[in-house]
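Structure record follows, encoded as structure tokens.
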Amino acid sequence: MTETKKLILGEFSRTVDDRYRLTLPDEFKEVFKPDSGKCVIVKEKPGHLSLWEESTWKQHHEKRVEMVMQRLDLGYLAGNMSEVQRFGRLLSTRCRQIQLADRARFLLPDGFREFLAVEPKQEVMIIGAYVCIEIWHPQKWISCIEEDIPQYSELLESLCAGTEKK
């Protein structure tokens, strides 16, 4: 029997410390357990980062990157070199491996803290997003949730569509 992965859920406010470090909420420590503390931090959109267990990120992302590399090697993307370069630029800056330290604390790397638009002693929102943890600038979080909450029921129905047994 396969083990069911525990879901990462919850909404918490945290303060960035003087050294640009964040500590994950205690509630996440039991469900977010990266191997050897290895995580990947990802730029999603301005004011929004995500934090992944490295193994989950590899399953989620690296297969697609390999597919692009194979398509490039086979010549399928020869006419799209500007798009390949654009993809490479984004790939270079989009994510970085980080180490989760004791007490589930981590450093927001240069480039990521600017993308998040936070300074020391500023509050951020830490959100459980089912499969990863999200870090939001508070105003960006409010805007996102105001837009998304009215669509919750429709989203749930679309994710469940086709799963009923007949």
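We did not get these values from a lab; they are worked out from the coordinates using the rules stated. Source: prediction; values computed, not measured. Virtual Cβ from ideal backbone geometry, glycine too; neighbours counted across all protein chains shown.
Below are the figures for this structure:
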| read-out | value |
| --- | --- |
| Tensor-based shape of the stretch 58-117 (alpha-carbon gyration tensor, a/c under 1.5 rounded, otherwise prolate or oblate) | oblate |
| Residue among I145, I127, S50 farthest towards the positive dipole end of the stretch 41-166, charges placed on Cβ | S50 |
| Order of K63, K140 - criterion: other Cβ atoms within 10 Å of each residue's Cβ, fewest first | K63, K140 |
| Potential extension, A161-E62 segment - 0.36 nm per residue separation minus Cα distance | 32.9 nm |
| The chain, helix-only ellipticity at 222 nm - DSSP H runs n ≥ 4, -39,500 (n - 2.57), divided by all residues, nearest 500 | -9500 deg cm²/dmol |
| Karplus-derived 3J(HN,Hα), 6.51/-1.76/1.60, for each residue of the stretch 25-39, Hz, glycine and proline x | x, 3, 4, 8, 5, 7, 10, 10, 10, x, 4, 6, x, 7, 10 |
| Long-range HN-HN contacts of R96 with modeled amide H, under 5 Å | I41 |
| From phi via Karplus (6.51, -1.76, 1.60), per-residue ³J(HN,Hα) for the stretch 70-76 in Hz, x at Gly/Pro | 5, 4, 5, 4, 7, x, 5 |
| The chain, dipole about Cα centre (Lys/Arg Cβ +1, Asp/Glu Cβ -1), debye to the nearest 20 | 500 debye |
| Virtual spin-label span in nm between R94 and S82, 7 Å along Cα→Cβ | 2.0 nm |
